[in-house]
Amino acid sequence: MTFQVEDGPGCRRGLLSTPHGQVETPVFMPVGTQGAVKGVAPAALREVGSTMVLANAYHLHQRPGEGAVESVGGLHSFMGWDGPILTDSGGYQVFSLAHRRRITDDGVTFQSTYDGSNVMLTPERVLDIQSRMGVDVAMVLDECPSDPTDRAGCEAAVEQTIRWAERSAEWRTQNAGPGLVFAIIQGGVFADLRTRCSDALAALDFDGYACGGVSVGENKDDLRTALAITAPMLPPDKPRYLMGVGYVDDLPAAIHAGFDMFDCVAPTREARTA
């Protein structure tokens, strides 16, 4: 992986090399949660200038399963998309399925949204799932706190995220593959917690770093606070990914804060639902 970056006046321009091609940053990734960007065919994505897309490893693990994806040649063949793909680990489901899950040091157990069965995700398992699907960027498992302004909850999420990141880094040393692995910074709106998480994860030398725990229902001021305090903490020579942010009025502020990568379901969801 190479990431060439030029710092500008409050923003950056970069070139990220992945196993399926180079991506100019800043880049917005359309979301194809279950392996398809709803309402937009791959050729149409190319026509509008998309260079990288996002899918969700948790949902694909549930249906059709990483084995089925692997059997047809990987996620690129499954989606009909030959460009870079990033997959979320299922960490967002730790937040969104709070009423269906139980968190321990080992990992997180969900009640499946598909058939009600119990699903156990560990840091190692989510990376194995993403590796088997042949993605370009795999995200580690993290804990997203339910309230970014609750210090106790954010502190607990930071410590759990660090422990899981350490196990993810160990898995990676034993299972080297062509794809990249990004870690996720938690800490809510608290600068010292974000610093604690950033320092710990930077020491593990992941390929890139994401700002997590945003777009979870907080107001715009809290969002801007989180991105403003997080971006300067992240390694300047690695890609910076702001997760779940993609409204037009948010992107300029995020880019000027120093982030490189973005995703959001809003463009396709709002288009297809008028």
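Report yes if LEU193 is open to solvent by less than 60 Å² (accessible area, probe 1.4 Å) and either in contact with a Ser or Thr (Cβ under 7 Å, 6 or more places away or on another chain) or in a helix (DSSP H, G or I) (or both), otherwise no. Answer is yes for this residue.
Give me the residue from the range 155-193 that is polar (S, T, N, Q) and touching a residue at least 24 places away in the same chain (Cβ under 8 Å) and, out of that set, farthest from LEU234 (Cα to Cα). This residue is ASN175. Which of the following residues is of a type outside the set (Val, Ile, Thr) and either in a loop (DSSP other than H, G, I, E, B) or open to solvent by 30 Å² or more (accessible area, probe 1.4 Å) (or both): ALA254, ALA274, ALA226? Sole residue among the options that is of a type outside the set (Val, Ile, Thr) and either in a loop (DSSP other than H, G, I, E, B) or open to solvent by 30 Å² or more (accessible area, probe 1.4 Å) (or both): ALA274.
For the range 203-217, a residue qualifies if it is in contact (Cβ under 8 Å) with a residue 12 or more places away in the chain and open to solvent by 40 Å² or more (accessible area, probe 1.4 Å), and the qualifying residues are LEU204, ASP205, SER215. Being open to solvent by 60 Å² or more (accessible area, probe 1.4 Å) and more than 29 Å from GLY80 (Cα to Cα) is true of ALA152. Listed by first and then second residue, the pairs with beta-carbon distance under 6 Å, at least 6 apart or on different chains, first residue in the range 21-43 and among the aliphatic types (A, V, I, L, M), second in a loop (DSSP other than H, G, I, E, B) and open to solvent by 30 Å² or more (accessible area, probe 1.4 Å), are VAL23/THR51; VAL31/VAL265. Of the residues in the range 63-74, at least one is touching a Phe, Trp or Tyr at 6+ places or on another chain (Cβ under 8 Å), not acidic (Asp, Glu) and not in a helix (DSSP H, G or I). Considered as a group, the residues in the range 119-178 that are of a type in the set (S, T, N, Q), touching a Leu at 6+ places or on another chain (Cβ under 8 Å) and part of a loop (DSSP other than H, G, I, E, B) include one that is nearest to ASN56 (Cα to Cα), and that residue is THR122.
The values are calculated or read from the model by the stated rules, or taken from the named source; none is laboratory data. All of these numbers come straight from a predicted model, not from anything done at the bench. Note that we place each Cβ from the backbone using ideal geometry, even for glycine, and neighbour counts take in every protein chain shown. For the accessible areas, the whole protein counts, side chains as well, though only heavy atoms, and no ligand, DNA or RNA atoms are used. Shrake-Rupley method; radii C 1.70, N 1.55, O 1.52, S 1.80 Å.
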